[in-house]
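To keep things clear, I will list the structure first and then write my remarks on it.
The numbers here are math on the coordinates, done by the rules we state, and not lab data. What you are looking at is a predicted structure, and each value in this text was computed from that prediction instead of being measured. FYI the Cβ positions are ideal-geometry reconstructions off the backbone, even for glycines, and counts take in every protein chain you see.
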Amino acid sequence: MSRSLNPQLFGQVDTPLVKVEGATIQNKQLREIEAQVEAVSQKMDRWAQIMEQKIQHLNAGQKMLGEQIKQLAESTAKQNAAMHTRLSERRVADAKTQELFDRHNQLVNSFESRINHIQKVATEQELKLMTYQSTYEEVLREIRNLKRS
């Protein structure tokens, strides 16, 4: 895409410049300016191409970064869900374990209560037995005393 200058920018070009010797200088200057403008135009085109490539590169990088963020978010969501599931399972297992401990403690307390009751009954029976024993010994003594008398 070459660019050209509008000839009307520098005044009327309709007049022939070749008539005067100075005209060749003006033609020469005009060609130099045109060459400079063409060089600047080419540089601008190259710079525009480079900038377009950089923008495309940045867009590709942005798209790739967006994909990485999306994958990271999905991965984090999956890990969070897995952790939540494991935590829920752990809570259920802890509740079951606590229930087992509570039942065990109830059984131990019940057994302890029964043992205490049995000890109390055994103590009462022992006291009765001692009472019977002393009564029996007293009766024997009475019988011996009666036999002697």
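Normalised by residue number, the volume inside the convex hull of the Cα atoms of the range 7-148 is 166 Å³ per residue.
For the residues Arg86, Arg148, what sequence is obtained by ranking on other C-beta atoms within 10 Å, fewest first? If you can, show how the numbers build up before the last one.
Numbers: Arg86 10, Arg148 6.
In order of increasing Cβ crowding within 10 Å: Arg148, Arg86.
Residue by residue, the range 45-61 carries 3J(HN,Hα) couplings of 5, 4, 5, 5, 5, 4, 5, 4, 4, 5, 5, 4, 4, 5, 5, 5, x Hz when phi is fed to the Karplus relation 6.51 cos²θ - 1.76 cosθ + 1.60 (θ = phi - 60°); x denotes Gly or Pro. When both the range 33-53 and the range 67-117 are represented by their alpha-carbon centers, they are found 72 Å apart.
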